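Written below as structure tokens is the structure these notes are about.
Please treat every number below as a calculation from the coordinates, not as lab data. Just so it is clear, the model here is predicted, and its values are computed rather than measured. Cβ atoms come from the backbone with ideal geometry, glycine included; neighbour counts cover every protein chain shown.
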Amino acid sequence: MIRFRQNGFTLLEVMIAILIIATSFIVLLHSRNQSVIAADYARHMTVATLLASEKMGEIEQSGATETSEETGEFGEDFPEYTWRITVTETAYEKINEVRVEVLWGISEKPSRIELVNYVKEKE
């Protein structure tokens, strides 16, 4: 008569352990992917904010004297970013509203950041 030892794992226990490990691995991968996406978005937001601030500074230096809308690109240094500047009159004389938008990403639905400031016309 052959005796079988009872101190090993059954196939069912091994399968359940593998299932738990695989599920945990999938959750960890998803968390890592979300963190990479969030870091990329934060990088784009930081760059876009700095570019918009730079454009706003240029407008403040020159004085926004005419209502207008302009668009452009930031050149070879930042090829995926574009800008749009809108200058509109306000109810106050010689004060204009300046909107600087910086856009990036897919052209159908780009991400964007917008700065708004009120600039006195230079005399």
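Among R99, R32, rank each residue by its count of other Cβ atoms within 10 Å, from fewest to most, as a rough exposure measure.
With the sparsest Cβ surroundings first, the list reads R32, R99.
Based on Cβ point charges of +1 for Lys and Arg and -1 for Asp and Glu, what charge dipole magnitude is obtained for the stretch 11-120 about its Cα centre, in debye rounded to the nearest 20?
500 debye
Mind listing the phi-derived Karplus ³J(HN,Hα) values for the stretch 13-19, rounded to whole Hz, using 6.51, -1.76 and 1.60 with θ = phi - 60°, and x for any glycine or proline?
5, 5, 5, 5, 4, 5, 4
Near A48, within a Cβ-to-Cβ distance under 15 Å, what is the net charge of the other residues, with Lys and Arg +1 and Asp and Glu -1?
Combined, the nearby Lys, Arg, Asp and Glu give -2.
So which residue, out of A17, A52, A42, gets the largest mean-square fluctuation from a GNM of the chain using Cα contacts under 10 Å as springs?
Highest fluctuation of the listed residues: A17.
Given a cut-off of under 8 Å on Cα pairs at least six residues apart, what relative contact order in percent is computed for the chain?
About 20 percent, as a whole number.
Build a GNM of the chain with springs between Cα atoms under 10 Å: which of L28, L103, L50 gets the top mean-square fluctuation?
In this elastic network of the chain, the residue with the biggest mean-square fluctuation among L28, L103, L50 is L28.
For the charge dipole of the chain, defined by +1 on Lys and Arg C-beta atoms and -1 on Asp and Glu C-beta atoms about the Cα centroid, which residue among I106, V47, L11 has the Cα displaced farthest towards the positive pole?
Farthest towards the positive pole: L11.
Please give the length that would be gained between S107 and E123 if that part of the chain were fully extended, namely 0.36 nm times their separation in residues minus their C-alpha to C-alpha distance (nm, one decimal).
That works out to 1.9 nm of additional length.
Among R43, R84, which comes first, second and so on when ranked by fewest other beta-carbon atoms within 10 Å?
R43, R84
Please identify, among I37, I20, I85, the residue showing maximal mean-square fluctuation in a Gaussian network model of the chain using a 10 angstrom Cα cutoff.
I20
Specify whether the C-alpha gyration tensor of the stretch 11-51 places it in the rounded, prolate or oblate class, a ≥ b ≥ c being the square roots of the eigenvalues: rounded for a/c under 1.5, otherwise prolate if a/b is larger than b/c and oblate if not.
The shape class here is prolate.
Can you work out the FRET efficiency for the pair A91 and E54, with r the C-beta to C-beta distance and R0 = 35 Å, to the nearest 0.05?
Approximately 0.75, to the nearest 0.05.
Considering the values (i) 7.6; (ii) 13.8; (iii) 12.6, which represents mean projected area of the Cα convex hull in nm² as calculated for the structure under consideration?
Computing mean projected area of the Cα convex hull in nm² and matching it to (i) 7.6; (ii) 13.8; (iii) 12.6 gives (ii).
So if I take the centroid of the Cα atoms in the stretch 26-75 and the same for the stretch 103-123, what is the distance between those two points in Å?
Here the answer is 9 Å between Cα centres.
Between E66 and R43, what is the spin-label point distance in nm, taking each point 7 Å from the Cα along the Cα→C-beta axis?
Output for this residue pair reads 4.0 nm.
State the answer as a single residue: which of A22, N96, G75 lies farthest towards the positive end of the charge dipole of the stretch 11-120, with beta carbon charges of +1 for Lys and Arg and -1 for Asp and Glu, about the Cα centre.
Toward the positive end, the furthest listed residue is A22.
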